[in-house]
Protein chains: 2
Amino acid sequence: MHVKQNPDGLTVLQALADPVRLEIVRQLAGCPADDGELRCGAIEVPVTKSTASHHFKALIAAGIVADRSEGTRKYMHLRRAELDERFPGLIDSVLRATSGR
Amino acid sequence: MHVKQNPDGLTVLQALADPVRLEIVRQLAGCPADDGELRCGAIEVPVTKSTASHHFKALIAAGIVADRSEGTRKYMHLRRAELDERFPGLIDSVLRATSGR
């Protein structure tokens, strides 16, 4: 699993300030808490696979998302607990502020 | 006074995702509530005047900051009440997440 251990607040903010990445985070945030994972292919964003892949990587690099491989499949989850601990209220307020656009 | 009436969440987020603009917002947020204004020249940021001016304009365009002229002087304030109403918790959580860098 690839995880950046200590995401920096500005890095997280800059990674979130993009409509496609926000949509990925929103879909991951909507996963049931006990599981919380989505296959990369199950995330629906209106961009090409290679563009989506670039955004996934940016979210992982910022420590917002972690990924896990199982055979040829890739699964991702939002690092919700870590983010909420380091940046209280940030993910919730950002998702709320940018919903219903 | 120049104010964008209905800031959009993504626009606000993108405007905040910059270290100089965050510093301006942080200094404005630290002004006493009854007054809440700072002269543009009183805001200390480690960039040239023209770069600072560009950032002030971006913050005004995003509806985060409002400005007011008095003679040749320009005053700015954070549109705290409007932002807190439209985007609950956003400014606080962003400032908290990016403090102490």
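Here are the numbers for this structure:
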quantity: Relative contact order (%) - segment A:45-101, alpha-carbon pairs under 8 angstrom, separation at least six; calculated: 18
quantity: Pairwise centroid distance, computed over Cα atoms, of segment A:6-70 with segment B:6-66, Å; calculated: 28
quantity: Sum of -39500 (n - 2.57) over DSSP H runs of 4+, divided by residues of chain A (222 nm, nearest 500); calculated: -13500 deg cm²/dmol
quantity: Table column - 3J(HN,Hα) (Hz), segment B:16-25, Karplus curve with 6.51, -1.76, 1.60, x for Gly and Pro; calculated: 6, 7, 8, x, 6, 5, 4, 5, 4, 4
quantity: Estimated FRET transfer efficiency (B:GLU85, A:SER50; beta-carbon r; R0 35 Å; 0.05); calculated: 0.30
quantity: Computed over chain A: relative contact order in percent, which uses C-alpha pairs under 8 Å that are six or more apart; calculated: 33
quantity: Whole-Hz couplings from phi, Karplus 6.51/-1.76/1.60, listed for segment B:41-54; x for Gly and Pro; calculated: x, 8, 8, 9, 9, x, 9, 5, 4, 6, 5, 4, 4, 4
quantity: B:GLU37 accessible area, 1.4 Å probe, all protein chains in place, Å² to nearest 10; calculated: 40
quantity: Cα centre as origin, Lys/Arg/Asp/Glu Cβ charges: segment B:23-100 dipole, Debye; calculated: 300
quantity: Shielding by partners - mean other protein chain Cβ count within 10 Å, residues of A:82-93; calculated: 4
quantity: Average beta-carbon neighbours from other chains, 10 Å sphere, peptide A:8-18; calculated: 6
quantity: In the B-A interface, the accessible area buried, summed over both sides, Å² (probe 1.4 Å); calculated: 1500
quantity: Sequence of A:THR51, A:THR72, A:THR98 from largest to smallest accessible area, 1.4 Å probe; calculated: A:THR72, A:THR51, A:THR98
quantity: Computed magnitude of the charge dipole of the protein assembly as shown (debye, nearest 20; Cβ of K, R +1, Cβ of D, E -1); calculated: 580
quantity: Backbone N under 16 Å from the A:LEU95 label point (7 Å along Cα→Cβ), restricted to segment A:46-87; calculated: A:64-66, A:76-87
quantity: Per-residue ³J(HN,Hα) for segment A:67-82, Karplus 6.51 cos²θ - 1.76 cosθ + 1.60, θ = phi - 60°, Hz, x for Gly and Pro; calculated: 10, 8, 9, 9, x, 8, 9, 10, 10, 10, 9, 6, 7, 4, 4, 5
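The values are calculated or read from the model by the stated rules, or taken from the named source; none is laboratory data. Keep in mind that what you see is a predicted model, and the values were worked out from it rather than measured. Here the Cβ is made from the backbone with ideal geometry for all residues, glycine too, and neighbour counts use every protein chain on show. These accessible areas exclude ligands, DNA and RNA; they are computed on the full protein's heavy atoms, side chains included. Shrake-Rupley method; radii C 1.70, N 1.55, O 1.52, S 1.80 Å.
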